[in-house]
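Engineer: First the structure, then my questions, so here it is.
The values are calculated or read from the model by the stated rules, or taken from the named source; none is laboratory data. Because the structure is a prediction, the values reported are computed rather than measured. Reconstructed Cβ throughout: ideal geometry from the backbone, glycine too, with neighbour counts over all protein chains shown.
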Amino acid sequence: MRRPIVAGNWKMHGSRAENARLTEELLAGCPAQPRASAVVCPPFVYLQEVGRLLRDSAFSLGAQDVCADAQGAFTGEVSAAMLRDTGCEYVLVGHSERRLLYRESDQLIARKFAAALARGLKPILCVGEQLAEREAGRTQDVVARQLDVVLELSGAGALAQGVIAYEPVWAIGTGRNAAPEQAQEVHAFIRERIGARDARIAAATRLLYGGSVKAGNAAELFAMPDVDGGLIGGASLKADEFLAILAAAGA
Ligand code: PEP
């Protein structure tokens with residue numbers, strides 16, 4: 001049985017005061033032991049503070065990115081060891097905003113995934129096609145390419161500690177979520193592709209859907225057999241929305 005995960009990606013939003021308000025509301029509204037794992041991913045500079053606010057709660061801490069290298073002269077970068085030291089359990093790698101705006105390659109993302117694992121973090125690998133790729137019928141090719149580079153470098157066994165988030169780029173921040181059947185089709189494809197290497201790992205790997213998930217559509221998305229929760233952007237900044245999504249994942 002796969003325990004669902006709902007992870008909130010706060011992106012470059014918030015302030016100390018706003019984070020304090022949001023975490024207070026999350027703590028007040030969250031059951032002591034939700035059925036789904038709850039994760040929040042604040043910006044780097046707030047990780048320690050948010051971690052302190054959420055200590056001993058049901059929420060785990062995640063970062064939004066990690067350096068592929070372990071340490072050294074990499075100005076502006078943050079290592080996996082530093083994230084662990086700061087209390088992170090999870091880290092996003094390969095978010096489409098990193099792939100597209102910062103030109104992160106599949107190879108770099110695979111190295112980030114490996115670096116996170118090497119330090120005991122649980123990487124959440126984001127994959128997903130752009131609209132033109134979907135319209136050209138290339139969704140599976142794109143997702144397979146993004147996934148295979150990671151599987152080649154780290155092996156399918158590495159997914160025992162990792163999570164995959166399918167996030168169609170056209171659904172992120174647009175208010176237009178994938179239909180549950182569209183999400184299920186790609187999730188089933190991802191599970192099959194992992195299964196071709198290791199059936200046991202494929203059955204156990206948590207596959208999240210991300211892209212305009214809200215309280216109003218979460219339940220139907222999470223009802224799909226291969227959707228094991230969600231990666232949530234905009235709606236994770238509103239405590240009532242995020243808590244309702246968390247509840248939908250545990251229903
Ligand atoms: C995201 O950025 O990962 C995301 C899913 O954003 P949104 O929920 O706002 O579409």
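Engineer: For the range 109-139, which positions are part of a helix (DSSP H, G or I), surrounded by fewer than 16 Cβ atoms within 10 Å (Cβ to Cβ) and out of contact with any Pro (no Cβ under 9 Å at 6 or more places or on another chain)?
Structural biologist: Scanning the range 109-139 gives ALA118, ALA132, GLU135.
Engineer: Sticking with this one: Within the set of pairs 6+ apart or on separate chains, which have a first residue in the range 228-248 that is within 14 Å of the ligand (Cβ to nearest atom), a second that is charged (D, E, K, R) and not in a strand (DSSP E or B), and C-beta atoms under 6 Å apart?
Structural biologist: Partner pairs satisfying both residue conditions: ALA235/LYS214; ALA235/GLU241.
Engineer: Condition (residue is more than 24 Å from VAL40 (Cβ to Cβ) and of a type in the set (A, V, I, L, M, F, W, C)) applied to the range 120-134: is it met by at least one residue?
Structural biologist: yes
Engineer: A further question on this structure: Only one of TYR102, TYR46, TYR90 is of a type outside the set (A, V, I, L, M, F, W, C), within 16 Å of the ligand (Cβ to nearest atom) and either more than 23 Å from THR174 (Cα to Cα) or touching a helix residue (DSSP H, G or I) at 6+ places or on another chain (Cβ under 7 Å) (or both). Can you tell me which?
Structural biologist: After applying the criteria, what remains is TYR90.
Engineer: Residue by residue through the range 162-199, note down the ones that are buried (at least 21 other Cβ atoms within 10 Å of the Cβ), assigned to a loop (DSSP other than H, G, I, E, B) and within 16 Å of the ligand (Cβ to nearest atom).
Structural biologist: The answer is GLU167, PRO168, ILE172, ASN177, ALA178.
Engineer: For the range 200-222, how many residues are in contact with a helix residue (DSSP H, G or I) (Cβ under 7 Å, 6 or more places away or on another chain), outside any helix (DSSP H, G or I) and small (Gly, Ala, Ser)?
Structural biologist: Qualifying residue count, the range 200-222: 2.
Engineer: Here is a follow-up. Would you confirm whether any residue within the range 65-78 is in a helix (DSSP H, G or I), among the aliphatic types (A, V, I, L, M) and within 18 Å of the chain's Cα centre (by Cα)?
Structural biologist: no
Engineer: Could I ask something else about it? Taking VAL142 and the conditions (1) more than 18 Å from ASP228 (Cα to Cα); (2) assigned to a helix (DSSP H, G or I); (3) in contact with a Ser or Thr (Cβ under 7 Å, 6 or more places away or on another chain), which numbered condition does it fall short on, given that it satisfies the others?
Structural biologist: (3)
Engineer: For LEU153, are the conditions met, namely being in contact with a helix residue (DSSP H, G or I) (Cβ under 6 Å, 6 or more places away or on another chain) and modelled with pLDDT under 95?
Structural biologist: So LEU153 does not fit the description; no.
Engineer: Out of everything in the range 105-116 that is in contact with a helix residue (DSSP H, G or I) (Cβ under 8 Å, 6 or more places away or on another chain) and under 23 Å from VAL50 (Cβ atoms), what residue ends up being nearest to the ligand (Cβ to nearest atom)?
Structural biologist: ALA116
Engineer: Let me ask something else. Kindly provide the set of residues from the range 87-145 that are in contact with a Lys or Arg (Cβ under 6 Å, 6 or more places away or on another chain) and of a type in the set (Val, Ile, Thr), ordered by number.
Structural biologist: Across the range 87-145, the qualifying residue is only VAL93.
Engineer: If a residue has to be closer than 18 Å to LYS238 by Cα and aliphatic (A, V, I, L, M) to count, how many in the range 48-71 make the cut?
Structural biologist: The number of residues fulfilling the criteria is 5.
Engineer: Taking the range 169-219 only, how many residues are in contact with a Pro (Cβ under 6 Å, 6 or more places away or on another chain) and under 18 Å from ALA244 (Cα atoms)?
Structural biologist: Of the residues in the range 169-219, 1 are in contact with a Pro (Cβ under 6 Å, 6 or more places away or on another chain) and under 18 Å from ALA244 (Cα atoms).
Engineer: Which of the numbered conditions does GLY216 fail, given that it passes all the others? Conditions: (1) within 15 Å of the ligand (Cβ to nearest atom); (2) under 16 Å from the mean Cα position of the chain (by Cα); (3) on the phi < 0 side of the Ramachandran plot.
Structural biologist: Exception for GLY216: condition (2).
Engineer: Where residues in the range 5-35 are within 16 Å of the ligand (Cβ to nearest atom) and part of a loop (DSSP other than H, G, I, E, B), which of them is surrounded by the most Cβ atoms within 10 Å (Cβ to Cβ)?
Structural biologist: TRP10
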